[in-house]
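Notes to accompany the following structure.
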Amino acid sequence: MTTSIAWALVAGLGLGLGTLIVIFSLPVLNEPRLVDRVTPHLRSSATATDLFSTSRPRAVPIGAAGRLFLPVVEALREHVERFAVDSEQLHARLEQADSPLGVADYRLQQLVMAVSAGALAIGAQVMAFFADAFHPLLAVVSVLAAGVLGYGARDTMLTARIRRRHTRMLSEFPTVAEMIALAVSAGESAPGAFERVSRVSRGELHVEFLRVQRQMQAGASFSEALKRMSARVRSAPITRFLEGIIVAMERGTPLAEVMRAQAQDVRDLSKRELMETAGKKEISMMVPLVFGVLPLTVVFAVYPGVELLSIGV
C-alpha cells in the first residue's frame, strides 16, 4: 500500500508540473510586448562593438530541456523581481564584481538555484518516505529552507567575488599609482597617463582603466569617467586617489606632485594593512599554542606523577 501511495504521489506531481508547463506555454500568455514588436523596426543596424551594445548573452545555458521550462522560469522571475531588493543597487553590485550578468540574468540564476535546492530537498524527502521516516511538517520546512538557502547562496557567491576583486585591486593599486605618477612626471597628461598604464598593465585595475577609456571615447569627460569609476569601485583608497586627480585638474594644481603624494599615501596604507594582517596572524598563531601544545605539555608533565601515585610508589 505504501508503494502504491508513493507512485501515486510521483504521478500526481508529474501531472501537475506538466499541466503548469502547458498552461504557461499557451500563446495567450506569451504574446509579444509592444516594445518587442516596435524595436526591430526602429533599429537601423546592429552595432559591431561592445561600446554601444546594450544586449547581453543569456547567462544561463538553456538547451532543449531548458527551453521546455523557460516560460515557467521567466514567469517566476518576473514575480520574484516585484518583491526583490532595489534593482539599481543590484546593478551596482554586479558592476563592482565585474560580472557579465544583467539584473534579469542574476535573478534567473537565483531562481534556478532556489528551485534546484528545493528539488534536492524534495528528493531527500521522497527517499525518507520510502524508508518510513517521512514527517510532513519536517518535509515542508526542509523544502522551504533549502529554497531560501539556494536563493541566498547566489548572493553569497556575489559578495565573495566582490571581496576577492576588491582585495586584488588593493594589491595592484600601489604599483599602478606609481606608474601613473611616473608617466605624469615624464610630461604625460592625466588622460594620457591613464591610457598608457591601461596598455601596459594587467589585472582588475586594467579592466577599470579600459572602461574609463571607452567612456571617454563615447563622449564623456575625463573627470566624469573617473567619477563613474569611483562609484563602481567603492574603495576608499582608490576613491581618494581619483578625487585628488579631479581636484588637481579643476584647480590647476601640478599633477606630478599630487600623484607622488597620492602614491606615498598608497604605500603607507599598504604598510599599515600589512602590519594589521601580521597582527591578526600573530593572534591566530597563538590558538594552536594555547589549545594544543600547552595542554599536551601539561599532560606530559603531570601524567607520570599521577601514574606513580596510582601504583603507590
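Read-outs throughout are calculated quantities, based only on the coordinates presented, and are distinct from any laboratory measurement. Quick caveat: nothing in here was measured; it's all calculated off a predicted structure. Positions of Cβ are backbone-derived with ideal geometry, glycine not excepted, and every protein chain shown enters the neighbour counts.
Assorted remarks:
- Our coupling estimate for segment 153-167, obtained by passing each phi through the Karplus curve with A = 6.51, B = -1.76, C = 1.60 and θ = phi - 60°, is 5, 5, 5, 5, 5, 5, 4, 5, 5, 4, 5, 5, 5, 4, 5 Hz, Gly and Pro reported as x.
- Net charge of neighbours whose Cβ lies under 15 Å from the Cβ of residue 184, counting Lys and Arg as +1 and Asp and Glu as -1: -2
- Centre separation in Å (Cα based) which lies between segment 212-274 and segment 109-135: 51
- In order along segment 261-272, the phi-based Karplus estimate (6.51 cos²θ - 1.76 cosθ + 1.60, θ = phi - 60°) of 3J(HN,Hα) comes to 5, 5, 5, 5, 4, 5, 5, 5, 5, 5, 5, 5 Hz; Gly and Pro are listed as x.
- Vicinal HN-Hα couplings computed from phi for segment 246-259 (Karplus, 6.51 cos²θ - 1.76 cosθ + 1.60; Hz; Gly/Pro x): 5, 5, 5, 6, 6, 9, x, 6, x, 5, 4, 5, 5, 5
- Note on segment 202-313: percent of Cα-Cα distances in each 10 Å bin, starting at 0 and stopping at the bin with the largest distance, equals 11, 24, 20, 11, 9, 8, 7, 6, 3, 0.
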